Amino acid sequence: MNYKKISIASVAVGMFAAGAAFAQDAEIATWSGFRKGAASFTFDDGAPSHVTDAGPMFKKYGYKATFNVVVNWNPNWSGFQGLADEGHEIASHSNSHGNNMSGEEASSKKSIENHITQKYGIITVAYPNCNVPNESAVKQNYIVGRICNGSWKGMNDEMGKDGPSNWAQVPATMTGAEGQLKSTNDFTGRMQKVIQSNGWAAFLTHGFQGKQNGNANYSPTDINAIDGALKWAQQNDKDIWVAPMGHVAMYLKERKASKIEPQDGGAANTMAFELKHSIADNISKYDYPLSIRVKSDWKKVEVTQDGAKLESKVDGGYIYFDAVPNAGKIVVKNADAAPESSSSAEPPQSSSSEVAGSSSSTTALPTQAFDGRHLAAYVDASGYITVQGAQGLSITVFNSLGNVVRTTKGLGFEQKVYTGAKGMYVVRIGNKAKAVNIK
């Protein structure tokens, strides 16, 4: 089965009006969204084509990638910051791209952080020439150290559901003229393989055939092959989770360390619990949302965490939602049994005239500079408006008429905040606003 199951036998996660114990099983998904496998697209060398060609291609399908830059190769810093602002991961590929980056583990991280602002800074590194440097230094600075093909080191090219045996040697399969993956079918075949095994595949691409690649001239890849792979992934999004390497690593580490602790629901027709782990290092807070489902016969629910509205759905006798470890009490309420209470973070829809600074549409909403924190807002491949880096901030989603359709607050690294009808929306995080389009 595609989840980590925590049996909560005879646990009072809520109470019926009659006062009987409400026993439940809660499950943490192996991969985000209860998908069957995961895939990460990584790009080495900081090529101009990564900004001009890869970025728009991934945006078309709603997916995010990892871009590993070489400091001394003069990458387009503003262009890569733009990719970070759209939710991609920017990572290290050393200062000088020497034969071995030993001695540059910490300095390349710091150098890139001087140019790129993202929530945890630089948490992933890809080794030049596939040569593993000082593993201790890698693990002091990064949550992932990426090699090349696992088979080149007597390992598998894909990882299982529990990830690599050594986080300083995470495999990624080479693509392009010198690699194993050349066509769309090659990529989709690997993704199908990890869907079947509940595993994780990573891909390593340099430049693209016929594009402006700068120093990324090794093993050029047909960009149409990746475009086709992303199109296939979008069509099969219920089965394959496509996300940056650092994000998948956070999810995987959290999932393996997390536990669900039942709490007093506080009322009839509610169930409550906390999601906790004790991972600690100086690199990441490990607050990537984990996907949870709870077995229930309720038909309509409201889910909050620390008072913030969470997106949820009921399907096949389960309640599905994403929650952030160590971010507060999670309350699931039977919405058919009682009217919405003031504790819900979802207010009634307001007219456009009630929105400060708006007139008849979202275009009138004020957009102001933020206080230096990195924020991203976009629509993912599943059609959810998603934000990054909004912890502790108010989040409001407006429709094209300027009406409020969601209010909540930021909880973790990434958060799904709304999904609805196709069209333009504005996401306001604190006092910064950005337009997004659900297609």
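The table that follows gives values for the structure above.
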quantity	calculated
Solvent-accessible area of Trp77 with every protein chain in place, 1.4 Å probe, in Å² to the nearest 10	40
With DNA, RNA and ligands ignored, accessible area of Ser78 (1.4 Å probe; Å², nearest 10)	90
Taking the chain and dividing mean pair separation by its residue count, relative contact order in percent (alpha carbons under 8 Å, at least six apart)	16
Rounded to the nearest 20 debye, dipole of the range 119-192 from Cβ charges on Lys, Arg, Asp, Glu	180
Share of carbon and sulfur in the accessible heavy-atom surface of the chain [1.4 Å probe, %]	46
Net charge dipole size for the chain [Lys, Arg +1 and Asp, Glu -1 on Cβ; Debye, nearest 20]	400
Long-range amide H partners of Ala91 with built H, under 5 Å	Phe67, Asn68, Val69
Heavy atoms of Trp241 accessible to a 1.4 Å probe, total area in Å² rounded to 10	20
Sequence-distant aspartates and glutamates (8 or more away, or on other chains) whose Cα lies within less than 18 Å of Lys333	Asp25, Glu27, Glu261, Asp264, Glu274, Asp297, Glu302, Asp306, Glu311, Asp315, Asp322, Glu346
Under 21 Å between alpha carbons - lysine pairs in the range 55-144 that sit 8 or more apart or on different chains	8
Over the chain: helical MRE at 222 nm, DSSP H runs n ≥ 4 each giving -39500 (n - 2.57), nearest 500	-5000 deg cm²/dmol
Paramagnetic label zone (point 7 Å from Cα along Cα-to-C-beta, Asn131; backbone N under 18 Å) in the range 62-95	70-73, 93-95
Which labelled figure in [x] 1.01; [y] 0.98; [z] 1.10 is Rg/Rh (Cα atoms, Kirkwood Rh), once derived from the coordinates	[y]
Calculated over the range 107-248: convex hull of Cα atoms, volume per residue (Å³)	129
Å² per residue, accessible surface of the range 89-158 at 1.4 Å	38
C-alpha center-to-center spacing [the range 395-439, the range 150-219] in angstrom	34
Exposure ranking of Met155, Met174, Met424 by accessible area [1.4 Å probe, largest first]	Met424, Met155, Met174
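The values are calculated or read from the model by the stated rules, or taken from the named source; none is laboratory data. The structure displayed is predicted, hence computed values, not measured ones. When we count neighbours, we look across all protein chains shown, and the Cβ atoms used for this are built from the backbone with ideal geometry, even at glycine. Side chains included, ligands, DNA and RNA excluded: accessible areas come from the protein's heavy atoms. Shrake-Rupley method; radii C 1.70, N 1.55, O 1.52, S 1.80 Å.
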